[in-house]
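Participant: Dropping a structure here in structure tokens format, bear with me for questions.
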Amino acid sequence: MIWDILTLIGTVAFALSGAIVAMEEDYDLMGVYILGLVTAFGGGAIRNLLIGLPVSALWEQGSFFIIAVIVMSIAFIFPTILFNHWVKFHLLFDAIGLSAFAIQGALYATEMGHPLSAIIVAAALTGAGGGMVRDVLAGRKPLILQKEIYIGWAMLAGVVVGLDLLSGPIGLTILFISVIILRMLSVHLQWQLPRRKIT
Amino acid sequence: MIWDILTLIGTVAFALSGAIVAMEEDYDLMGVYILGLVTAFGGGAIRNLLIGLPVSALWEQGSFFIIAVIVMSIAFIFPTILFNHWVKFHLLFDAIGLSAFAIQGALYATEMGHPLSAIIVAAALTGAGGGMVRDVLAGRKPLILQKEIYIGWAMLAGVVVGLDLLSGPIGLTILFISVIILRMLSVHLQWQLPRRKIT
Amino acid sequence: MIWDILTLIGTVAFALSGAIVAMEEDYDLMGVYILGLVTAFGGGAIRNLLIGLPVSALWEQGSFFIIAVIVMSIAFIFPTILFNHWVKFHLLFDAIGLSAFAIQGALYATEMGHPLSAIIVAAALTGAGGGMVRDVLAGRKPLILQKEIYIGWAMLAGVVVGLDLLSGPIGLTILFISVIILRMLSVHLQWQLPRRKIT
């Protein structure tokens, strides 16, 4: 139940982020829906593919699908409302989505009996894969490969779940909140991973 | 039989559209073939993936594969012929492909017993997915997310098939022709979906 | 055993090429790892998908995975070392990877009982698919669709394996070395496939 609420918040946050990128790129209404749905569901689809779950399991998420479409419709019709709240809540929503999706992906991969490397990749892809596909379809260089730590926190969730460092409802709740806090901190304090520019 | 002819026309039209984009981007002969094949078969591959059919079912389309390669070879050797006819017939061919592929995709998803949302997405991806992959591989922003209504008509076909509004040979023929006409009208009359540019 | 060594060299070469593109695009450490892993393992993942092998078979390559991460870490920490050797060995390593991966992909597809067209595509995707995904994720137009012959040699390997022109350890070794030599020659002698630029 708690889990469903988190997935819901993550789905909505990701759908909105896709819709906003589509509006920024001057896509039409259909492009807004498509980019939003790709962002919200693309990560899970790629993860299912890579860990051996049927991709068509997507279609069991029918109600999330409908909610995402409704939220994007509201965002399209009343963009001002969205923007007033978006600036304030975007980061938090997105962090919630990242955390919920990463933990969920790691749990799926663990249940499938995959090794640690697969669990980490499943966490990373579920959390960040949708955003990558969104950026590619928008003709952008994927931001999450460049800016503040993003995928890193998803992978951390994968490590914690994969090594069974935290488990059970309480353990996972602690992990869930920790990832959100770490993500928020990394943005506000501008933590960066090292980089090496070569030309 | 009729169905095979339509799929054939769609395959040829999509292969040619990919080949032309490749030539516009100064790709070599291999790039022309690859972009053409991706445009013609990519949508079906993604659809199979998402609705739970084996992607490797692609390989049963061997004869379409060969025809696509022959047509692209002719286009590459005699580009002037292509262009004289392309301007006239491109839109019609492409609309035929869009319509045939969208209905085919919707029928596949229906046979698999998927819900309406999956049927609509299957129609959209089969009709428009190849063109999206083509644009991404050509380093372009996917046009069909921006310009006149395109995916919308594919989705309409999905709705009609999914709700069983039209069925049987006659019903599907009506649907097939309607989607072609709607697509042609939307180009010639410059119908647009609403858009909201934010910066 | 020989085979594993070749796959290893190919994996390392491809991981390094992805890491270098990521550094050129100013991606951070995580982006470097991701782009390297996508380049090294993406082609095999797409091939598995298209020929009907489980994509999750990827996870049985755990040790290659770890080696790729170690090599990329060294490259990131000591970029000068990498660059001194990269200029000299890049082309050769990459040609080894292309050849080993293309033959391996063709053999997989043959074992699955697929027709010749599928064997050629499997060879092409295993050899060149990772590089294509790398370029798309880096926001670049895929180079291998434009420059000297690259995919063509992978497809040649597919034809030779598919038609059973060379087989057995000795036959495949001859093919393996031939593809490497052809690739090196095509770069040094600047062989080009025909192209037709239209505007």
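The values are calculated or read from the model by the stated rules, or taken from the named source; none is laboratory data. The model shown is predicted, which means the values in this text are computed figures rather than measured ones. Positions of Cβ are backbone-derived with ideal geometry, glycine not excepted, and every protein chain shown enters the neighbour counts. For accessibility, only protein heavy atoms count, side chains too; no ligands or nucleic acids. Shrake-Rupley method; radii C 1.70, N 1.55, O 1.52, S 1.80 Å.
Participant: Kindly list the number of the only condition in (1) in contact with a helix residue (DSSP H, G or I) (Cβ under 9 Å, 6 or more places away or on another chain); (2) more than 30 Å from C:G139 (Cβ to Cβ) that fails for B:K141.
Facilitator: Failed condition: (2).
Participant: Continuing with the same structure: Is it the case, given these coordinates, that A:D4 is open to solvent by 30 Å² or more (accessible area, probe 1.4 Å), among the charged types (D, E, K, R) and part of a helix (DSSP H, G or I)?
Facilitator: So A:D4 fits the description; yes.
Participant: Can you tell me which residues in the stretch B:139-174 are closer than 15 Å to B:T110 by Cβ and over 16 Å from the mean Cα position of the chain (by Cα)?
Facilitator: Hits for the stretch B:139-174 are B:V159, B:V160, B:V161, B:G162, B:L163, B:D164, B:L165, B:L166, B:S167, B:G168, B:G171, B:L172.
Participant: If you take the residues in the stretch A:132-148 that are more than 10 Å from chain C (Cβ to nearest Cβ) and buried (at least 24 other Cβ atoms within 10 Å of the Cβ), which one is farthest from C:V133 (Cα to Cα)?
Facilitator: Looking at residues that are more than 10 Å from chain C (Cβ to nearest Cβ) and buried (at least 24 other Cβ atoms within 10 Å of the Cβ), I get A:R134.
Participant: Looking at the stretch C:84-128, which of its residues are more than 13 Å from the chain's Cα centre (by Cα) and more than 17 Å from C:L156 (Cα to Cα)?
Facilitator: Across the stretch C:84-128, the qualifying residues are C:N84, C:H85, C:W86, C:V87, C:K88, C:F89, C:E111, C:M112, C:G113.
Participant: Looking only at the stretch B:1-31, how many residues end up being at the interface with another protein chain (Cβ under 8 Å from one of its Cβ atoms), of a type in the set (A, V, I, L, M, F, W, C) and touching a residue at least 40 places away in the same chain (Cβ under 8 Å)?
Facilitator: 4
Participant: Every residue in the stretch A:157-177 that is surrounded by fewer than 16 Cβ atoms within 10 Å (Cβ to Cβ), away from every other protein chain (no Cβ under 14 Å) and part of a helix (DSSP H, G or I), please.
Facilitator: If the condition is that a residue be surrounded by fewer than 16 Cβ atoms within 10 Å (Cβ to Cβ), away from every other protein chain (no Cβ under 14 Å) and part of a helix (DSSP H, G or I), then A:G168, A:P169, A:I170, A:G171, A:T173, A:I174, A:I177 are the ones that fit.
Participant: For the stretch A:89-98, does any single residue satisfy the condition of being open to solvent by 70 Å² or more (accessible area, probe 1.4 Å) and outside any helix (DSSP H, G or I)?
Facilitator: Among the residues of the stretch A:89-98, not one is open to solvent by 70 Å² or more (accessible area, probe 1.4 Å) and outside any helix (DSSP H, G or I), which makes the answer no.
Participant: Quick one: which residue in B:I180, B:I151 is open to solvent by less than 30 Å² (accessible area, probe 1.4 Å) and away from chain A (no Cβ under 13 Å)?
Facilitator: Just a single option satisfies the conditions, and that option is B:I180.
Participant: Right, something else. Can you report the number of residues in the stretch A:35-63 which are buried (at least 19 other Cβ atoms within 10 Å of the Cβ), more than 14 Å from chain C (Cβ to nearest Cβ) and within 16 Å of the chain's Cα centre (by Cα)?
Facilitator: 9
Participant: Does C:I66 count as surrounded by fewer than 16 Cβ atoms within 10 Å (Cβ to Cβ) and at the interface with another protein chain (Cβ under 8 Å from one of its Cβ atoms)?
Facilitator: When the stated conditions are applied, C:I66 passes them.
Participant: Considering only residues that are more than 13 Å from C:L98 (Cβ to Cβ), of a type in the set (D, E, K, R) and either away from chain B (no Cβ under 11 Å) or assigned to a strand (DSSP E or B) (or both), which ones fall in the stretch C:183-199?
Facilitator: C:R195
Participant: Something else now. Output the residues belonging to the stretch C:99-131 that are of a type in the set (A, V, I, L, M), assigned to a helix (DSSP H, G or I) and open to solvent by 20 Å² or more (accessible area, probe 1.4 Å).
Facilitator: Matches in the stretch C:99-131: C:L107, C:L116, C:I120, C:V121, C:L125.
Participant: Identify the single condition in (1) of a type in the set (S, T, N, Q); (2) closer than 20 Å to C:A123 by Cβ; (3) open to solvent by 50 Å² or more (accessible area, probe 1.4 Å) that C:S17 does not satisfy, given that it satisfies every other one.
Facilitator: It is condition (3) that C:S17 fails.
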